[in-house]
Amino acid sequence: MKSIVVYSSLTGNTKMVGEAIAEVLAPNCDIYKVEDNPDITGYDLVVVGFWVDKGTADAKSSKFLKSIRNSKVAVYATLGAEPDSEHAKTSLQNGIDMLDSSNEVMGRFICQGKIDPKLLEAMKKMFGTKVSKENFHAVDEKRLERHRKASTHPDEQDLANAKKVFSEIKAKMSGEMNL
């Protein structure tokens, strides 16, 4: 099975997870940054990784996701929020929803990752530090604690989880190809 991993990474999180996924899909796996705009022709599996920006795939990944046609695709993402949160689930699905209906989604994965410190500073300036019903993006102590926790991810367990998900995808696809 010939695979390609294409990722966009702002802080290194998505790259790190992509490299772990590529290890599992080896030996016939290539890995590229999304800005390299690789040709996906001839690959049995196209894996796209993005960092979550405003509840969906970052701009570079969005463009790439929308360009894919007639492929078996797996999608993974990293974000600062808890990976089992509604925000994380919705953000991952929003990225998947960018795929053309001619594609077959083979799997998905999301994990927490560190947040760009520049984003945190911009949020502080924009929203302040007092959370309210109208100002839920404020950077209060609770949000800062979540950001501190996120800064320790992706960790070894996150990488192991990604490898497990993509090992299962590889096994499923290999079984399908041998039928």
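The values are calculated or read from the model by the stated rules, or taken from the named source; none is laboratory data. Since we're looking at a predicted model, the values are computed, not measured. Neighbour counts are summed over all protein chains in view; Cβ atoms, including those assigned to glycine, are modelled from backbone coordinates with ideal geometry. Quick note on the areas: whole protein, heavy atoms, side chains included, nothing else; ligands and nucleic acids left out. Shrake-Rupley method; radii C 1.70, N 1.55, O 1.52, S 1.80 Å.
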request  = Choose one answer from 46, 165, 131: the residue with the largest mean-square fluctuation in a GNM of the chain with alpha-carbon springs under 10 Å.
outcome  = 131
Size of the chain as Cα extents on the principal axes (Å, biggest first) = 58, 31, 27
ask   = By per-residue mean of other Cβ atoms within 10 Å, what is the highest-first order of 53-60, 141-148, 11-18?
value = 11-18, 53-60, 141-148
key: Å² per residue, accessible surface of the chain at 1.4 Å   = 54 Å²
remark   = With a 29 Å threshold on alpha-carbon distance, the violating pairs from 54/125; 2/118; 142/163; 72/149; 54/149 are 2/118; 142/163; 72/149
Distance-filtered residues of the stretch 69-89 - backbone nitrogen under 15 Å, label point 7 angstrom along residue 157 Cα→Cβ = 82-85
remark   = Row for the stretch 1-101, column shape: gyration tensor on C-alpha, a ≥ b ≥ c, rounded if a/c < 1.5 i.e. under 1.5, prolate if a/b over b/c, else oblate; value prolate
message = As I understand it, the value is the acute angle between the Cα axis of helix 117-127 and the longest principal axis of the Cα atoms of the chain; what does it come to in degrees, rounded to 10?
response = 50 degrees
ask   = Roughly what angle does helix 86-96 make with the longest principal axis of the chain, taking Cα atoms, 0 to 90 degrees, to the nearest 10?
value = 40 degrees
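Hey, what number do you get for the chain at 222 nm if only DSSP H runs of n ≥ 4 count, each worth -39500 (n - 2.57), divided across all residues, to the nearest 500? List each step's numbers first, then the result.
Working: 6 runs with 76 residues, N = 179.
Roughly -13500 deg cm²/dmol at 222 nm, from the helical runs in the chain.
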task = First compute the accessible area of the chain with a 1.4 Å probe, then give the percent of it belonging to carbon and sulfur atoms.
result = 52 percent
inquiry  = Given a Förster distance of 22 Å, report the FRET efficiency between residue 39 and residue 104 from their Cβ-Cβ distance, rounded to the nearest 0.05.
reply    = 0.70
